[in-house]
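Visitor: One structure follows; several queries about it will come next.
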Amino acid sequence: MNVKLLKQLRTSVVLTGLLAGAMTISACQQQSDTEAGTADDAHAEEVPMSAEPAEPTDVVVDPQDTSSEVEDDTVASVNTGANQISYLCSPELQVEATYNEDNNQVTVVTDMGTVTLRKNNEGSNPEVFEVATAIDGSEGLTQWRVAHEERETGVMRTAGADESDINTFECNEVS
């Protein structure tokens, strides 16, 4: 090899090494975040920066803790006495019924409105819930009858101020 070629090779190796060193140093330096203005802070959304969930989902209960506070809280959140069932009715109507066993009530949600009805019979087949209000909250009548232990079928009767004009919907549980 000749000397001229060795000098060019040495220069290339030195420049490549310097360039690699500069890139390594710049990659290791901390970059300062740009300061956001107060207008940006009002609309900024905080995003967690780790792969871990922002809030822990595991509940840790000390088995030695005899505090009734945890027990009372658990019972309150688990045993609510409410049961929600979705129905599809004919003529076309969707009904979401939430049964509150403790109060003998059912809250019925439809496109026409929401109403809470009170159970007015002792029987379980059918169960009859009724309120002296139309489903849209105006003057009238709403009645909800459900059959079977699992409340698989229901009949909704609604009327406005003229209680002789009754609309009837036959409903089946959506599974």
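The values are calculated or read from the model by the stated rules, or taken from the named source; none is laboratory data. Since this is a predicted model, take the numbers as computed values, not measurements. Methodologically, a virtual Cβ is constructed for each residue, glycine included, from the backbone with ideal geometry; neighbour enumeration extends over all protein chains shown. Keep in mind that these areas ignore ligands, DNA and RNA; they rest on the heavy atoms of the full protein, side chains included. Shrake-Rupley method; radii C 1.70, N 1.55, O 1.52, S 1.80 Å.
Visitor: Tell me the carbon and sulfur percent of the accessible area for segment 86-138, rounded to whole percent, probe radius 1.4 Å.
Guide: Exposed carbon and sulfur together represent 42 percent of the surface.
Visitor: If you place +1 on the Cβ of every Lys and Arg and -1 on the Cβ of every Asp and Glu, how big does the dipole about the Cα centre of segment 132-175 come out, in debye to the nearest 20?
Guide: 60
Visitor: Net charge within 10 Å of residue 120 by Cβ-Cβ distance, Lys/Arg positive one each and Asp/Glu negative one each, not counting residue 120 itself?
Guide: Overall, the nearby charge balance is -1.
Visitor: With the alpha-carbon atoms as the only input, what is the per residue convex hull volume for segment 124-175 in Å³?
Guide: Spelled out: Cα convex hull of segment 124-175, divided by residues, is 73 Å³.
Visitor: At residue 102 and residue 150, where each label point lies 7 Å from the Cα along Cα→Cβ, what is the point-to-point distance in nanometres?
Guide: Simple spin-label model gives 2.7 nm for this pair.
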